[in-house]
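The structure appears right after this line, and notes come after that.
The values are calculated or read from the model by the stated rules, or taken from the named source; none is laboratory data. This is a predicted model, so every value here is computed, not measured. Counting neighbours? That spans all protein chains shown, and the Cβs are built from the backbone with ideal geometry, glycine included. With ligands, DNA and RNA removed, areas are computed over all heavy atoms of the protein, side chains included. Shrake-Rupley method; radii C 1.70, N 1.55, O 1.52, S 1.80 Å.
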Number of protein chains: 2
Amino acid sequence: VKIGIVGGTGRIGEGMAMRLSRIHDVLIGSRDEEKARCTCEICLKEASERGIPCRVTWVSNQEAVDGSEVIILAIPYKHLDATMSVLHGFEGKIVISPINPMEKKEFFIYVPPAEGSAALYLRTLLPGSARLCVAFNNIAGNRWRDIDKELEYSVAVCGDDAESKQIVMDMIDQISLMKSYDAGPLSISPAIEGLTPLLNNIGKCNRMKDVGVKFV
Amino acid sequence: VKIGIVGGTGRIGEGMAMRLSRIHDVLIGSRDEEKARCTCEICLKEASERGIPCRVTWVSNQEAVDGSEVIILAIPYKHLDATMSVLHGFEGKIVISPINPMEKKEFFIYVPPAEGSAALYLRTLLPGSARLCVAFNNIAGNRWRDIDKELEYSVAVCGDDAESKQIVMDMIDQISLMKSYDAGPLSISPAIEGLTPLLNNIGKCNRMKDVGVKFV
């Protein structure tokens with residue numbers, strides 16, 4: 001699968017690129033192509049040190065959309081509007097949202113937009129033919145980036161298009177020890193996004209780092 | 001600890017009574033004392049067959065409140081108002097809410113009251129001196145009841161009173177292989193309650209039964 005990462009130079013995007021480029025062609029997109037080039041070089045260097053394959057290319061965010069079948073929006077919620085306002089060409093593409101709208105005051109709280117979730121809002125910004133799935137919400141950026149460690153997590157996936165959901169789930173099951181779980185239609189996305197602040201609070205209260213989840 | 005289970009004859013209440021009565025004195029409360037007596041006899045029989053201790057007594061729901069230091073409200077959300085309207089005497093007591101307000105249409109969705117969660121609503125029904133904690137929300141009733149199986153789950157706990165939260169967490173850590181995690185104040189309770197419909201949807205979509213959770 002050709003995968004484009006919009007926001008591919010952030011902590012999560014970089015880790016995703018490193019993990020996914022072992023199997024897939026990955027386009028690392030950024031507003032700043034120089035940053036994307038640096039991320040590519042880091043990926044290639046770390047992969048070559050370990051003797052693992054790495055197929056990455058640096059591009060603009062728009063090229064990441066244009067050149068991919070699956071697009072991961074690895075951006076914080078606060079940048080969603082600005083990012084989407086300058087991108088186009090999502091028609092027919094699979095779009096993955098790992099975005100969690102939350103605030104940190106004393107504790108983390110889930111603060112979704114009026115549509116009910118970041119994903120339900122994002123749907124209003126995408127053309128009707130885009131196939132939106134929610135995935136990867138509950139995995140900490142540091143864990144993605146720590147590429148010598150296995151990612152032994154459950155990944156809840158939701159979306160309204162069965163075929164694209166299956167493609168995303170197959171993609172997930174190829175990454176480290178991740179296991180995907182279909183969690184239903186896009187309407188249940190608040191539950192997946194809202195799990196992240198809970199995990200963050202558990203981390204904070206119990207002095208644990210980067211808490212993840214397994215469904216058992 | 002003296003534990004009273006309001007609604008102790010339901011599937012979850014019965015399983016809780018069986019597990020907790022190995023260590024604690026448990027008052028099994030019910031609107032129908034005859035049902036509470038039956039549940040007690042089942043608990044005692046199953047415990048004696050296995051040679052494990054069992055300290056249970058059947059009582060009314062009001063006596064379960066009056067005679068206990070910790071009260072578990074093992075009732076469905078739809079019965080919360082009716083149950084609380086006939087009970088009193090919660091002053092100074094530790095109250096545990098495992099209640100999840102949700103609806104099942106095609107999928108399970110979290111439907112909290114205007115206060116934000118069942119627990120935040122329950123707080124308005126309790127005297128100010130009651131010490132409310134949220135716990136046990138994400139463990140399926142069948143798992144509680146299947147007493148020959150270990151319960152290897154994580155249990156998120158929230159509440160505003162540190163001392164009572166610690167008592168509840170210690171109680172949890174004594175049950176089977178459960179592990180408690182402090183998840184913060186009562187204001188984060190929507191995230192704990194809202195995890196249950198997600199687990200139910202994962203069960204439904206992946207043909208799994210009684211899906212639970214571990215924080216890793």
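Within region A:74-109, the set of residues being more than 30 Å from A:ARG207 (Cα to Cα), touching a residue at least 60 places away in the same chain (Cβ under 8 Å), among the hydrophobic types (A, V, I, L, M, F, W, C) and surrounded by fewer than 22 Cβ atoms within 10 Å (Cβ to Cβ) comprises just one member, A:LEU87.
Can you report the number of residues in region B:136-163 which are open to solvent by less than 20 Å² (accessible area, probe 1.4 Å), more than 13 Å from chain A (Cβ to nearest Cβ) and either out of contact with any Leu (no Cβ under 8 Å at 6 or more places or on another chain) or in a strand (DSSP E or B) (or both)? Don't jump to the end; show me each part of the working.
Initial filter on region B:136-163 (open to solvent by less than 20 Å² (accessible area, probe 1.4 Å)): B:136-139, B:141, B:144, B:147, B:151, B:153-159.
Pick out the ones that are also more than 13 Å from chain A (Cβ to nearest Cβ) and you get B:136, B:141, B:144, B:147.
This time we only want the ones that are either out of contact with any Leu (no Cβ under 8 Å at 6 or more places or on another chain) or in a strand (DSSP E or B) (or both), so: B:136, B:141, B:147.
Result for region B:136-163: 3.
Selection of region B:180-216 for residues being under 16 Å from A:PHE215 (Cβ atoms) and either among the basic types (Lys, Arg) or part of a loop (DSSP other than H, G, I, E, B) (or both) yields B:LYS204, B:ASN206, B:ARG207, B:MET208, B:LYS209, B:ASP210, B:VAL211, B:GLY212, B:LYS214, B:VAL216. Considering region A:76-109, the residues that are part of a loop (DSSP other than H, G, I, E, B) and within 14 Å of chain B (Cβ to nearest Cβ) include one that is farthest from the chain's Cα centre (by Cα), namely A:GLU106. When B:ALA47 is tested against the conditions (1) under 22 Å from B:THR196 (Cβ atoms); (2) open to solvent by less than 20 Å² (accessible area, probe 1.4 Å), the lone failure is (1).
Of the residues A:SER176, A:SER117, which single one is farther than 26 Å from B:GLU193 by Cα and either out of contact with any Pro (no Cβ under 7 Å at 6 or more places or on another chain) or touching a residue at least 60 places away in the same chain (Cβ under 8 Å) (or both)?
Working: A:SER117 fails: farther than 26 Å from B:GLU193 by Cα.
After ruling out the rest, the residue left standing is A:SER176.
Pairing residues of region A:49-73 that are farther than 13 Å from A:VAL1 by Cα and among the aromatic types (Phe, Trp, Tyr) with residues that are assigned to a helix (DSSP H, G or I) and open to solvent by 20 Å² or more (accessible area, probe 1.4 Å), at Cβ distances under 9 Å and at least 6 apart in sequence or on separate chains, gives A:TRP58/A:GLU33; A:TRP58/A:GLU34; A:TRP58/A:LYS35; A:TRP58/A:ARG37; A:TRP58/A:CYS38; A:TRP58/A:GLU41. When A:ILE167 is tested against (1) more than 10 Å from chain B (Cβ to nearest Cβ); (2) open to solvent by less than 50 Å² (accessible area, probe 1.4 Å); (3) of a type in the set (Val, Ile, Thr), only condition (2) is not met.
If you scan region A:110-125, which residues turn out to be in a helix (DSSP H, G or I) and open to solvent by 30 Å² or more (accessible area, probe 1.4 Å)? Give the derivation first.
Keep residues of region A:110-125 that are in a helix (DSSP H, G or I), which gives A:118-125.
Once the filter is applied, which keeps residues that are in a helix (DSSP H, G or I) and open to solvent by 30 Å² or more (accessible area, probe 1.4 Å), region A:110-125 yields A:TYR121, A:ARG123, A:THR124, A:LEU125.
Take the conditions more than 7 Å from chain A (Cβ to nearest Cβ), in contact with a Lys or Arg (Cβ under 8 Å, 6 or more places away or on another chain) and outside any loop (DSSP other than H, G, I, E, B) and apply them to B:ILE172. Does it pass?
On the way: more than 7 Å from chain A (Cβ to nearest Cβ): yes; in contact with a Lys or Arg (Cβ under 8 Å, 6 or more places away or on another chain): yes; outside any loop (DSSP other than H, G, I, E, B): yes.
Yes; evaluated as a whole, the condition is true for this residue.
Looking across region B:186-211 at every residue that is surrounded by fewer than 19 Cβ atoms within 10 Å (Cβ to Cβ) and under 19 Å from the mean Cα position of the chain (by Cα), the one that is nearest to the other protein chains (Cβ to nearest Cβ) is identified as B:SER187.
Without any contact (Cβ under 8 Å) to a residue 60 or more places away in the chain, open to solvent by less than 20 Å² (accessible area, probe 1.4 Å) and not charged (D, E, K, R): does that describe A:GLY29?
Details: without any contact (Cβ under 8 Å) to a residue 60 or more places away in the chain: yes; open to solvent by less than 20 Å² (accessible area, probe 1.4 Å): yes; not charged (D, E, K, R): yes.
Criteria met by A:GLY29.
The residue that is farthest from A:ASN137 (Cα to Cα), among those in region A:9-26 that are among the β-branched types (Val, Ile, Thr) and crowded, with 24+ Cβ neighbours inside 10 Å, is A:VAL26.
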